[in-house]
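See below for the structure under consideration.
The values are calculated or read from the model by the stated rules, or taken from the named source; none is laboratory data. Predicted model, so just to flag it, every value in this text is computed and none were measured. Please note: Cβ atoms are built from the backbone with ideal geometry, for glycine as well, and neighbour counts cover all protein chains shown. We work out accessible area using only protein heavy atoms, side chains counted, and drop any ligands, DNA or RNA first. Shrake-Rupley method; radii C 1.70, N 1.55, O 1.52, S 1.80 Å.
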Amino acid sequence: MTVGRYPNTRMRRNRTDAWTRRLVAENKLSVDDLIWPIFIIEGHNTTTEVASMPGVVRVTLDLVEKHVEEAVKLGIPAIALFPATPMEKKDAEGTEATNANNLICSASRILKKSFPDVGLVGDVALDPYTDHGHDGVIRDGYVANDVTLKILRQQALIQAEAGIDIIAPSDMMDGRVGVIREALDEQGLIHTRIMSYAAKYASAFYAPFREALGSGSSLKGDKKTYQMDPANTDEALREVELDLLEGADMVMVKPGLPYLDIVRRVKDAFGVPTYAYQVSGEYAMLKGACERGWLDWDKVLIETLTGFKRAGCDGILTYGAVDAARLLAKK
Ligand code: PBG
C-alpha cells in the first residue's frame, strides 16, 4: 500500500463530489443480494401483524402471491418461506414437518406456479412444528441428533418435491447436509441447492422470529446443545468446512450484524458463496429505534446491508429486503 502524507495527500479530495464518491465506492449493494423471508399462516384472507417486528406480517396462502408481487417486480432473486403452524398441529415429534401439504409445501407450489423465475428457500428444522419448540426431537432430555436426521431428510425431500429450489437446514444437527444431499440425489433432485445455516449461534436475537412462529413461549430451555456459543470463531470455520464437505452449495452465518467478523473469516478461508441473516432481533432493534424517531430507517437499512457486503457477504436474508429494493430502484 502506498501511503502519502498530508498536505500532498488529502483523503477528503476523493470525497468532495458525489460523482467521485461513486467512483471510489468499493462495495455496492444491489437487489441481486437480497433474500426476503416471509411468514405464512393457515386460514383465509387474513394478515396478522408480528408485534415485535413492526411492518412484518404473516399471510394466509390465498394472499401469498399478492404479498410477494412487489418483491418479484423489484427483482428480488429469492424468497425464504417460514410457516407459523397452528398449535393444534404441533406435537413432540414435529409430525407436520413431513406433511407434503403443510404450509411451506403449499406456498411453494403456489409461488412456483405464479413466479417460476423466483428462487424459493425452504427452512429445514423442526421448531415450527414441535410443541416444545426445539429444532429436533427429544430423547432422554436431549435433542437427539441421529433420530432427527431421519425426519429432516424426509422434510427436505417433500419441500424439494413441492418446488423449493434451495433447501436451507437451520437445525444445526451434525451431518444433516450430507444426509439431505444424498436423499435429494437419490430422487434425481440434483439441481436442488443447499444453503446451510453453517455457523448458527445460540442467539437472543431470534426472539421476535419465535414470536412470529409462535415457537418461543413454549420453548423448553435453550438451544445451546446444538447452536453455537457466541464466544467462538474457529468453531465456525469447522462447521462451514464440514457443511461444504457434505455438499453445501452456499453457507450462511447467523445472526448478521454482531457476527460480521465470522462472515469475513469464512469468506477469506473458503471463498464460497457466503450469506448472512439479518435476523428478527436486528430488524426489531433498528425498526424500534426508527419508530421512536431516533434513527432513519431508510438510511440505517442501507448502511447495515452495505456493512454485510463489506464483510464479504454475497447476499443477505433480511426482513427489510423489499424496502431496500425500493430504495435501490429509486437511486
Ligand atoms: C429455527 C430458525 C430460527 C430462525 C430461523 N430458523 C430461530 C431459532 O433458531 O430459534 C431465526 C430467524 C430470525 O430470528 O429472524 N430453525
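Figures for the structure shown
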{"quantity": "Size-normalised alpha-carbon gyration radius of region 123-239, reference 2.2 N^0.38 Å", "calculated": "1.06"}
{"quantity": "Per residue solvent-accessible surface (Å²) - the chain, probe of 1.4 Å", "calculated": "47"}
{"quantity": "Among 280-290, 55-65, the order from most to least packed when residues are scored by Cβ within 10 Å on average", "calculated": "280-290, 55-65"}
{"quantity": "Most to least packed among 219-225, 188-194 [average Cβ atoms within 10 Å]", "calculated": "188-194, 219-225"}
{"quantity": "Length added when fully stretched, Met285-Ala231, from 0.36 nm per residue minus Cα-Cα", "calculated": "17.3 nm"}
{"quantity": "Reach of Lys224 by Cα under 19 Å, taken over lysines that are not fewer than 8 positions away in the same chain", "calculated": "Lys200, Lys254"}
{"quantity": "Positive-end extreme of charge dipole, region 27-330 - chosen from Val266, Pro169, Leu245 (charges on Cβ)", "calculated": "Val266"}
{"quantity": "Three-way shape label, region 194-317, alpha-carbon gyration tensor, a/c 1.5", "calculated": "oblate"}
{"quantity": "Calculated FRET efficiency for the pair Arg12/Val57, C-beta based, R₀ 41 Å, to 0.05", "calculated": "0.40"}
{"quantity": "Percent accessible area from carbon and sulfur atoms, region 27-330, protein chains only, probe 1.4 Å", "calculated": "51"}
{"quantity": "Those lysines that a straight Cα-Cα span of less than 23 Å connects to Lys89, excepting residues fewer than 8 apart in one chain", "calculated": "Lys150, Lys220, Lys223"}
{"quantity": "Nearest 10 degrees, 0 to 90: helix 103-114 Cα axis against the chain principal axis", "calculated": "60"}
{"quantity": "Sequence-distant lysines (8 or more away, or on other chains) whose Cα lies within less than 16 Å of Lys28", "calculated": "Lys299, Lys309, Lys330, Lys331"}
{"quantity": "Cα gyration tensor category, rounded, prolate or oblate, for region 1-109 with a/c compared to 1.5", "calculated": "prolate"}
{"quantity": "Sequence ranges 121-127, 321-327, ranked by mean other-Cβ count within 10 angstrom, highest first", "calculated": "121-127, 321-327"}
{"quantity": "Charge dipole of region 27-330 about the Cα centre (unit charges at C-beta), most positive-ward option of Ala321, Ala100, Thr233", "calculated": "Ala321"}
{"quantity": "Cα-based convex hull, region 27-330, per residue volume (Å³, whole number)", "calculated": "123"}
{"quantity": "Theoretical FRET efficiency, 1/(1+(r/R0)^6), r = Cβ-Cβ of Ala100 and Ala25, R0 51 Å, to 0.05", "calculated": "0.65"}
